[in-house]
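Working notes for the structure below.
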């Protein structure tokens, strides 16, 4: 059954041509070549404002703050636009910390998460003065205390709670079940907070909960939220004060047939529950990623060959699994459209790339009217697209462009083969360098 196209902001079809805001995708492919990631500034701003609309009360006071989960798309131009809109950032690596600092983000707007932070990453985060480090184990808590002592600092922390709530999403992106690697088991949370409260170089600031990604219902969030609010009440009885509640992110998008809740209504649902339960004194952090940028990006690719097989027809394109990993990794669906109407006869194809793997596919059983040389747009590719790309088969990663109205800006140059092996050495070259 053919799936409907996702509902998009910033990308539209007019007169049988697809546009990114005011520029045709065909022109972008011509001007910048393919494979090419194209982002719409309008789409990013629209999604952010949908969250922010629920984060401000009618009297102007703030109910919550948005900390963009930059693992979804960490291009500096994307980060800078969100910073200018007022976003803080959710980080999961030292590299992401460096990116946030590179665009001039206020360190006090940065939350450092992640299940396996190295000592160097913890030290860099503390030196930078981040708002908070989300702790995922007692071992990590103890390591942070030792590092903070060495630096003569106190480490601001929250504990990430694993509430054992089923987010009803793909198992690879579920993070809130008891058999997931993330967070502190629910039955261990109280004793871990007691440990944190007694450590001399730890400041307990908050509590954190993130249950997964591409979630299309508010119900799992509410189940997890109720558990976390109950924990806060227990902690208060023990004299441990919680100042902020980090609800994580994970709201899904429409890839073609999904029906995620309206962003503003969804956010209001969560924030209203917090206030109804008497916790409106808490600072609330939201960490959306995919829902801010997922439908703000398209991957453009050129049809190289149309190949007739015994049981399948193949549309072989110049983008591959190294450019967009989600289909091969999750069997994820992305809508695929010709960016210009063609006179070609429609046919059913598997859309595949040139990488030497049978798993290198971008879409299966798609009805397309295309000729060799035509350009396809792979929709909803703004999240977990470029950031998951690789150089497999010594393929340079795609260029990235951001469109703002009638202007297109190259925000990342295409990688060349030479740039890929610039830091490599043969043994003879390495030996020569060592001798010098």
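The values are calculated or read from the model by the stated rules, or taken from the named source; none is laboratory data. Keep in mind that what you see is a predicted model, and the values were worked out from it rather than measured. Cβ coordinates were reconstructed from backbone atoms using ideal geometry, including for glycine residues, and neighbour counts include every protein chain displayed.
Scanning segment 388-412 for residues that are out of contact with any helix residue (DSSP H, G or I) (no Cβ under 9 Å at 6 or more places or on another chain) and exposed (fewer than 15 other Cβ atoms within 10 Å of the Cβ), we see that the one that is farthest from residue 77 (Cα to Cα) is 393.
When residue 160 is tested against (1) modelled with pLDDT under 95; (2) assigned to a helix (DSSP H, G or I), just one condition goes unmet, and that condition is (2).
Filter segment 164-188 down to residues that are modelled with pLDDT of 80 or more and under 27 Å from the mean Cα position of the chain (by Cα) and give me whichever is surrounded by the fewest Cβ atoms within 10 Å (Cβ to Cβ). Spell out how you get there, then give the answer.
Residues of segment 164-188 modelled with pLDDT of 80 or more: 184-188.
With the extra rule that they be under 27 Å from the mean Cα position of the chain (by Cα), the set shrinks to 184-186.
Numbers: 184: 22, 185: 13, 186: 17.
Selected residue: 185.
With respect to being out of contact with any helix residue (DSSP H, G or I) (no Cβ under 9 Å at 6 or more places or on another chain) and assigned to a helix (DSSP H, G or I), residue 142 falls outside the description.
The C-beta contact set for segment 83-101 (first residue at positive phi and at pLDDT 95 or above, second residue crowded, with 22+ Cβ neighbours inside 10 Å and not in a strand (DSSP E or B), distance under 9 angstrom, 6+ apart or interchain) comprises 86/48. Scanning segment 106-115 for residues that are in contact with a helix residue (DSSP H, G or I) (Cβ under 6 Å, 6 or more places away or on another chain) and either assigned to a helix (DSSP H, G or I) or surrounded by fewer than 22 Cβ atoms within 10 Å (Cβ to Cβ) (or both) yields a single hit, 107. Taking segment 1-49 and the strands (runs of 3 or more DSSP E) fully enclosed by it, the elements with 3 or more residues that are more than 18 Å from residue 80 (Cα to Cα) are at 11-14, 17-20. The residues of segment 32-52 that are in contact (Cβ under 8 Å) with a residue 60 or more places away in the chain and closer than 18 Å to residue 74 by Cα, listed by number, are 36, 37, 38, 39, 40, 41, 42, 43, 44, 47, 48.
Which residue is modelled with the highest pLDDT, if the candidates are limited to segment 50-70 and must be in a loop (DSSP other than H, G, I, E, B) and surrounded by 14 or more Cβ atoms within 10 Å (Cβ to Cβ)?
Initial filter on segment 50-70 (in a loop (DSSP other than H, G, I, E, B)): 57-61, 63, 70.
Filter once more, so that each one left must be surrounded by 14 or more Cβ atoms within 10 Å (Cβ to Cβ): 63, 70.
Working: 63: 92, 70: 97.
The extreme case among them is 70.
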